[in-house]
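Worksheet for the structure shown next.
The values are calculated or read from the model by the stated rules, or taken from the named source; none is laboratory data. Since this is a predicted model, take the numbers as computed values, not measurements. All Cβ positions, glycine included, derive from the backbone under ideal geometry; neighbour counts span all protein chains shown.
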Amino acid sequence: MATAALTTTPPSKEDVELARASGQRLAPLARRGRPLTLRVRDAGEEKTIELPAGAVKLLQAILEDMASGRAVTIVPQNAELTTQQAADFLNVSRPFLVQLLEQRKLPFRLVGSHRRVRFEDVLRFKENIDTERRKVLDQLAGEAQELKLGY
């Protein structure tokens, strides 16, 4: 399995505008669900690129996120993360993540002396935590309404 490279930087203002314009032009083509042939010009040289339909939809989704100012990270299926990458994704410290691994709250495997965590497992863990947080917040909001605390 390959280890994923998670480098994410927010788009600049110029990138946001370019993504918005490009995404608007690409959207109707992406909705067709067919491969797309692009002509690309670089330093006066023009080439054609054939994109599969799935790549066109993915590119459209990336442009939409960038146009909204969001950073985008693409992680291949079955990717494995280092403990630092997994901690960064969960927005926790690396020692806290290692503690989760040692408590068996998140599966991992050892590669030599290094821990590797499957991205799918990290994502599922995050989704479970987010679901639990929403339940607790809904419960608290309900109790605040019952007590007429202004929520």
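Summed over the stretch 31-50, the residues that are loosely packed, with under 10 Cβ neighbours inside 10 Å and among the aliphatic types (A, V, I, L, M) give a count of 2. Picking from residues in the stretch 96-133 that are in a helix (DSSP H, G or I) and aliphatic (A, V, I, L, M), the one that is surrounded by the most Cβ atoms within 10 Å (Cβ to Cβ) is Leu97. Whenever a residue of the stretch 33-55 is under 14 Å from Ser22 (Cβ atoms), its partners that are assigned to a loop (DSSP other than H, G, I, E, B) and not basic (Lys, Arg), lying with C-beta atoms within less than 8 angstrom and at least six residues away or across chains, give the pairs Leu51/Pro35. Kindly establish whether Asp138 is over 28 Å from Ala19 (Cβ atoms), touching a Leu at 6+ places or on another chain (Cβ under 7 Å) and not hydrophobic (A, V, I, L, M, F, W, C). The answer is no for Asp138.
A single member of Gln60, Gln84 is outside the structural domain of Arg116 (by TED's automatic domain parsing) and within 24 Å of Thr9 (Cβ to Cβ), and it is Gln60. Candidates in the stretch 28-61 are the residues that are touching a Leu at 6+ places or on another chain (Cβ under 8 Å) and assigned to a strand (DSSP E or B); of these, the one that is farthest from Val72 (Cα to Cα) is Thr48.
Taking the listed residues Arg94, Arg115, Arg104, the one that is more than 30 Å from Ala55 (Cα to Cα), touching a Leu at 6+ places or on another chain (Cβ under 8 Å) and not β-branched (Val, Ile, Thr) is Arg115, with no other qualifying. Looking only at residues in the stretch 134-151 that are acidic (Asp, Glu) and exposed (fewer than 11 other Cβ atoms within 10 Å of the Cβ), the one that is farthest from Arg104 (Cα to Cα) is Glu146. Only one entry of Val92, Val72 meets the criterion of being without any contact (Cβ under 8 Å) to a residue 12 or more places away in the chain and within 17 Å of the chain's Cα centre (by Cα), and that entry is Val92. Every test in (1) surrounded by 12 or more Cβ atoms within 10 Å (Cβ to Cβ); (2) out of contact with any strand residue (DSSP E or B) (no Cβ under 9 Å at 6 or more places or on another chain); (3) of a type outside the set (Lys, Arg) is passed by Glu14 save one, and that test is (1). Scanning the stretch 134-151 for residues that are of a type in the set (Lys, Arg) and part of a loop (DSSP other than H, G, I, E, B) turns up just one, Lys148. Kindly indicate whether Ser93 is closer than 30 Å to Gly23 by Cα and of a type in the set (S, T, N, Q). No.
I'd like the full set of residues that are under 21 Å from Val75 (Cβ atoms) and not charged (D, E, K, R), limited to the stretch 111-130. Matches in the stretch 111-130: Val111, His114, Val117, Phe119, Val122, Leu123, Phe125, Asn128, Ile129.
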